């Protein structure tokens, strides 16, 4: 079965210690885990301006989770694990409303079509009214939610850690369909966010499988194994699709931990290319280039048509780099010390950095109209833009 795209295609339970162990396949101790590389030294060639900043609850607290803001044309929405959800004016950061809910928010906030939706540690999907934050509905899906829901005009798609994908009605949360796949006993802490493109849902799972379904009825268009488990131990066989996926043209791009990065044609499920790679943070695709962070902290650019490597920045090794986000001439990544870096999109050269907060960055930035929005682990929400370039 092939999938019909009805609209043009547009352009993250292991503890932190165990995750470090998995990344090196060694014991989780100071002796066995190599230290992060020092903060890179370079001459900045960009002047950055902080447009505004705000605080959203306790951020991720003691949870090893990733919470990203959701940005619309007028507003920025963000949540924290303590149940705080807030709306801010996009350009100047004025708070429009804040709600203290009773939910432990572990899946990122999604906003659109008049609704703000998020997932919780107890498996609830909660929908609030975008205008004032009042609750519209709540549905329990039976499995913890670590991903951001995907919203369409009449649909909410939510992924749970038990390998299920749920299609819900936007109006009341009623279940429309359910997709279920088996997952390994041992998985990384996190989930990739499902993507909604026209009437197609794309989702990646902890078994290394990428799936395309019809959004209105949940019918499976195709299933593609991006990476096959390999090795004798459960650690060696981890091939989670855990990080950010992206779409360009007719292709979806996804990467697994200890496995591969691949381009797959959305209508047919045909694999365009695949190459060995390991990433749990994910990637972004812009203008023919795939930007991806490896598990050891390299930021790499690949040709989106062939997978051929174009450049590699090695200055952030073992700094727990976020998924790269590209815009204009820049690639933006964050690290575990809370620094946000701007790299040259053509060469990978460091251009500038700013420290958002010392608690660190785990969620990728969001770029809307050349403004970079980022949410730090402590709940700091900040907006930056490039003010000007400095001649060398």
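Okay, here's what the table says:
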{"read-out": "Given (1) modelled with pLDDT of 95 or more; (2) not in a loop (DSSP other than H, G, I, E, B), number of the condition residue 108 does not satisfy", "value": "(1)"}
{"read-out": "All positions within segment 34-77 that are over 29 Å from residue 298 (Cβ atoms) and buried (at least 24 other Cβ atoms within 10 Å of the Cβ)", "value": "56, 76, 77"}
{"read-out": "Residues (modelled with pLDDT of 95 or more and either in contact with a helix residue (DSSP H, G or I) (Cβ under 6 Å, 6 or more places away or on another chain) or over 16 Å from residue 361 (Cα atoms) (or both)) located in segment 49-64", "value": "49, 50, 51, 52"}
{"read-out": "Any hit, segment 315-324, residues being in contact with a strand residue (DSSP E or B) (Cβ under 8 Å, 6 or more places away or on another chain), in a strand (DSSP E or B) and farther than 24 Å from residue 229 by Cβ", "value": "no"}
{"read-out": "Qualifying residue in segment 63-80 (condition: assigned to a loop (DSSP other than H, G, I, E, B) and at positive phi)", "value": "no"}
{"read-out": "Residue match in segment 224-239 (condition: modelled with pLDDT under 95, under 22 Å from residue 144 (Cα atoms), touching a strand residue (DSSP E or B) at 6+ places or on another chain (Cβ under 9 Å) and in a loop (DSSP other than H, G, I, E, B))", "value": "yes"}
{"read-out": "Filter result (buried (at least 18 other Cβ atoms within 10 Å of the Cβ) and farther than 28 Å from residue 110 by Cβ) within segment 333-392", "value": "348, 350, 351, 352, 353"}
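Residue-wise test of (1) assigned to a loop (DSSP other than H, G, I, E, B); (2) surrounded by fewer than 18 Cβ atoms within 10 Å (Cβ to Cβ).
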{"residue": "138", "(1), (2)": "no, yes"}
{"residue": "143", "(1), (2)": "yes, yes"}
{"residue": "148", "(1), (2)": "yes, no"}
{"residue": "178", "(1), (2)": "no, yes"}
{"residue": "182", "(1), (2)": "yes, yes"}
{"residue": "191", "(1), (2)": "yes, no"}
{"residue": "211", "(1), (2)": "no, no"}
{"residue": "222", "(1), (2)": "no, no"}
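The values are calculated or read from the model by the stated rules, or taken from the named source; none is laboratory data. This is a predicted model, so every value here is computed, not measured. For neighbour counting, all protein chains shown are included, and Cβ atoms are generated from backbone atoms with ideal geometry for every residue, glycine included.
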